[in-house]
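The values are calculated or read from the model by the stated rules, or taken from the named source; none is laboratory data. Since this is a predicted model, take the numbers as computed values, not measurements. Cβ atoms come from the backbone with ideal geometry, glycine included; neighbour counts cover every protein chain shown.
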Amino acid sequence: PLSLVWLRRDLRLHDNAALYHALKSGHHVVPVFIFDRTILDALEDRCDRRVDFLVQEVNRLRDELAKMGSAIIVRYGKPVDVWKKLIEQYSIGDVFANHDYEVYAKERDKAVGDLLAEHAIGFHTSKDQTIFERDEVLSGKKKPYTVFTPYSRKWRDKLTDFYLKSYPTEHYFTQLWKTNPLPVPTLEEMGFQPEEETFPARTVPDEVLDTYNKTRDFPALPHGTSQLSMHLRFGTISIRDLARQAKDADDKTFMNELCWRDFYFQVLDHFPHVEKNSFRREYDQIEWRNNEDEFEKWCRGETGYPIVDAGMRQLNTIGWMHNRVRMITAGFLCKHLLIDWRWGEAYFGRKLRDYDLSANNGGWQWAAGSGADASPYFRVFNPTRQAQKFDSKAAYIQHWVPDVDQPTYPQPIVEHTMARQRAIDAYKKAVAKV
Ligand code: FAD
């Protein structure tokens, strides 16, 4: 029988936990990737850079495997249906995969695991995309943390070199199944159009890490941050390799960001209600204004607040936005416009090339004040001051909003002092209801 490795958000052969365990199983190994119709059919835009990226990366894996005389099985369909067919077609001994913490993914894995069990096929899953997961970092009372600082302290204390060791998959590639390359569905076959796009590099130069703590908040700097989020999202780089690089460079600030990433994964895993509701339930009582016209203006980057508009136009153009500006634009939507954070979360979800439910939800609930370790609700960013502080020469603004000084550029959609007070009143009322 064969051992199959079901790749999902871990599109690499190097340092991949599931692949490593499969290679050590003693059987011949073949990776599988499923373009999941449940996810693809729900995408609104038929031009989607994430689908492009997936097709590109799956083809890269096919080529890498072909060089070793091996292959990847690639299918387009609903996972349970695809697995039913794979079980008919191949003699499968075991299936290996890496953990996924989203509600949909956990249900999917349960359904596939049950199906495999009916056919006496083992389903073995491992930690791979995080450094610590599930119950590995708990409070003294054995509870999941809901505040970042004590979580991060425990996380750092626990972080020995052991957890950053690579899985040496390369040593066992002789176990790969010898076969000719197999076909990969094209974008067009799956109903998508290509975007002409080049994606960010897969590596981060040491210089970026050396200066990260000084540069990370300034969106005009081309290499102020690593730009690795898309690769981390799809597992085209290994989190352990990256964390080791940060540790060797002694970059505590960067390491702290990787810790935030783990933190939001564990929040989603332990508190799945955050996917639809506020982490702190009282914030579901907020009486949002939800003005659709204002929402449209925010989406298009026409609020009349240059830093907000620059961020939204960057997002709309390249599918990525600088973290500082994500905080500003998200805060502006929830507080200044009093629009439900879920609207903004969904819009980011459509546009971000690095869209990750856990970090996006965490970031939005942080900005809305409703999340685990959120900023307090009475802290309302002043977008003009934020721009003065983090884009003092307006280089970022000029780049994304070249019309900023033109008479056609819109007047501010809302006045800051009034909007700030309106937000604080609405939040106060919601909290008082509980
Ligand atoms: P760097 O600054 O170089 O950081 C390195 C890596 O650390 C990132 O690639 C990312 O994986 C991780 N990281 C950094 N900051 C955070 C953070 N605050 N939370 C979780 N992980 C972090 N990040 C996503 O990956 N996907 C999202 O969908 C997403 N949505 C966000 C929405 C909002 C409203 C906010 C405020 C933040 C969001 N973030 C999201 C977090 C952060 O903005 C991005 O990870 C970061 O901007 C990506 O750029 P980078 O790779 O250059 O990051």
Scanning for something over 26 Å from Asp161 (Cα atoms), touching a helix residue (DSSP H, G or I) at 6+ places or on another chain (Cβ under 6 Å) and within 12 Å of the ligand (Cβ to nearest atom), does region 232-241 turn up at least one residue?
no
Residues located in region 123-172, provided they are farther than 16 Å from Asp15 by Cα and in contact with a strand residue (DSSP E or B) (Cβ under 7 Å, 6 or more places away or on another chain):
Phe123, His124, Leu138, Pro144
Quick one: is Ala346 more than 10 Å from the ligand (Cβ to nearest atom), crowded, with 21+ Cβ neighbours inside 10 Å and either at pLDDT 95 or above or more than 22 Å from Leu258 (Cβ to Cβ) (or both)?
no
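Looking at region 224-232, can you tell me whether even one residue there is farther than 28 Å from Gln398 by Cα and touching a Leu at 6+ places or on another chain (Cβ under 8 Å)?
yes
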Pull up region 196-220, narrow it to residues that are part of a loop (DSSP other than H, G, I, E, B) and buried (at least 16 other Cβ atoms within 10 Å of the Cβ), then point me to the one that is farthest from the ligand (Cβ to nearest atom).
Ala220
Criterion first (hydrophobic (A, V, I, L, M, F, W, C), within 21 Å of the chain's Cα centre (by Cα) and within 13 Å of the ligand (Cβ to nearest atom)) does Leu164 satisfy it?
no
Of the residues Glu107, Glu102, which is in contact with a Leu (Cβ under 8 Å, 6 or more places away or on another chain), within 19 Å of Asp356 (Cα to Cα) and charged (D, E, K, R)?
Glu102
Of the residues in region 159-195, those that are within 21 Å of Ser238 (Cβ to Cβ) and in a strand (DSSP E or B) come to Leu176
Taking Ser152 as meeting all but one of (1) closer than 22 Å to Thr253 by Cα; (2) small (Gly, Ala, Ser); (3) not in a helix (DSSP H, G or I), write down the number of the exception.
(3)
Which condition number does Asp100 fail, the rest of (1) under 22 Å from the mean Cα position of the chain (by Cα); (2) free of Cβ contacts under 8 Å to residues at least 40 places away in the same chain; (3) closer than 27 Å to Ala201 by Cβ being met?
(2)
Test of understanding: among Pro150, Pro183, which residue is more than 27 Å from Met68 (Cβ to Cβ) and modelled with pLDDT of 95 or more?
Pro150
Could you tell me which of the residues Asn316, Asn290 is surrounded by fewer than 19 Cβ atoms within 10 Å (Cβ to Cβ), under 27 Å from Phe390 (Cβ atoms) and in the same structural domain as Tyr347 (by TED's automatic domain parsing)?
Asn316
Limited to region 76-97, what total is found for residues that are under 27 Å from Pro194 (Cβ atoms) and either free of Cβ contacts under 8 Å to residues at least 60 places away in the same chain or touching a His at 6+ places or on another chain (Cβ under 9 Å) (or both)?
5
Counting only residues that are closer than 14 Å to Asn316 by Cβ and either assigned by TED's automatic domain parsing to the domain that holds Arg9 or more than 6 Å from the ligand (Cβ to nearest atom) (or both), how many does region 350-364 have?
3
Identify all residues within region 85-125 that are of a type in the set (Lys, Arg) and in contact with a helix residue (DSSP H, G or I) (Cβ under 7 Å, 6 or more places away or on another chain); write none if there are none.
Arg108
Residues of region 278-289 satisfying the condition of being under 12 Å from Trp364 (Cβ atoms) and part of a loop (DSSP other than H, G, I, E, B):
Ser278, Phe279
